[in-house]
Amino acid sequence: MANGKVVSIGNQKGGVGKSTITSLVANYLHNNYPDIKIVVVDADDYQNSLIQIRNAEINDRGQDSNFDSSKLYDLLKIDSDAYPTHDESLRNEYDLIFIDFPGNLKQKGVTTSYHFVDHLFIPTGRSRMDLDSTMEFADIFIS
């Protein structure tokens, strides 16, 4: 890839699987397509769930002689309001940049940072509240 592409599994609704899907897709691509350089940006300033999970994994599996943390995909913590200043350098260094945003649009910089996303996938739940929230979210980016 000539210039990195930014992908987000996003929604303003929490609990629809954004972080889980992001980590699963990044892990799959990283393990099955080693020529693609991947980074996941944890931009959920308050939860940083992917950073927490990665740290727990390294701590839990660090004693295992077969575990090599250098073989994991790259994971960075970048606050959502700071992402725009990192976009160009990340695109130059990586083929795929996954951004894991929080489940709201109120966090500083989230809406602005979403404008750097090339491909947006929007998971949702089946309840009326989930669907209404998802449609509201999609309308923000379609208009």
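For residue 61, the accessible area of its heavy atoms, probed at 1.4 Å with every protein chain present, is near 100 square angstrom. As a calculated quantity, the FRET efficiency between residue 112 and residue 36 at R0 = 25 Å, using C-beta atoms, amounts to about 0.40. Indicate the gyration tensor shape class of the chain (rounded, prolate or oblate), computed on the Cα atoms with a ≥ b ≥ c the square roots of the eigenvalues: a/c under 1.5 is rounded; otherwise a/b larger than b/c is prolate and the rest oblate. It is prolate, given that a/c is not under 1.5 and a/b is the larger ratio. Full extension of the chain between residue 24 and residue 129 gives 35.2 nm of extra length, using 0.36 nm per residue less the Cα-Cα distance.
Calculation over all alpha carbon pairs of segment 76-143 in 5 angstrom steps from 0 returns a P(r) of 3, 14, 26, 23, 17, 11, 5, 2, 0 percent.
Taking the Cβ-Cβ separation of residue 120 and residue 55 as r and a Förster radius of 22 Å, what is the calculated FRET efficiency to the nearest 0.05? Can you show the working numbers first?
Values: r = 27 Å, r/R0 = 1.25.
Calculated value: 0.20.
Sorting the segments 42-49, 5-12 by their mean number of nearby beta carbons within 10 angstrom, highest to lowest, gives 5-12, 42-49.
Using the 1.4 Å probe convention, the accessible area of the chain works out to 58 Å² per residue with neighbouring protein chains retained. GNM remark for the chain: springs join alpha carbons under 10 Å apart, and the peak mean-square fluctuation among 67, 101, 121 falls on 67.
The values are calculated or read from the model by the stated rules, or taken from the named source; none is laboratory data. Note that the coordinates shown come from a computational prediction; the quantities given were computed from them, not determined experimentally. Ideal geometry is used to build each Cβ from the backbone, glycine not excepted, and the neighbour counts take in all protein chains shown. Heads up: the accessible areas ignore ligands, DNA and RNA and are worked out on the full protein's heavy atoms, side chains in. Shrake-Rupley method; radii C 1.70, N 1.55, O 1.52, S 1.80 Å.
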